[in-house]
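Input: a single structure, listed below in structure tokens.
The values are calculated or read from the model by the stated rules, or taken from the named source; none is laboratory data. What you are looking at is a predicted structure, and each value in this text was computed from that prediction instead of being measured. Cβ placement follows ideal geometry from the backbone for every residue including glycine, while neighbour counts extend to all protein chains displayed.
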């Protein structure tokens, strides 16, 4: 078994020994992990990337169904409202947000991310 660490520590000797004791085919696990490592390498085009392909398919189906302009306008409007909300919250609360102000800012930023994914995300 190769010795690994950091974010790949799930494949370390320490973790594989109990898995093997439980009957897991460790050799098969390493083979499939190596296949996925090559399939997800930095040089792989997005259309062939197993992690990105499914996400892209969903966006493309949504774009085909409703059209890009119909998604772009509400997405941009949502982004504008969310950024204005964050600006107002920081304008009122100052540099250090606590309590409700912090929650409102976090929710507005999460909604901004969702609005971007709906509106401009498919364009990029």
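Tabulated data for the structure shown
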read-out: Conditions (1) touching a helix residue (DSSP H, G or I) at 6+ places or on another chain (Cβ under 9 Å); (2) over 18 Å from residue 72 (Cα atoms): number failed by residue 118; value: (2)
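Okay, residues lined up against (1) outside the structural domain of residue 116 (by TED's automatic domain parsing); (2) modelled with pLDDT under 70; (3) part of a helix (DSSP H, G or I); (4) over 20 Å from residue 120 (Cα atoms):
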| site | (1), (2), (3), (4) |
| --- | --- |
| 15 | yes, no, yes, yes |
| 30 | yes, no, yes, yes |
| 33 | yes, no, yes, yes |
| 44 | yes, no, no, yes |
| 52 | yes, yes, yes, no |
| 56 | yes, yes, yes, no |
| 60 | yes, yes, yes, no |
| 73 | no, no, yes, no |
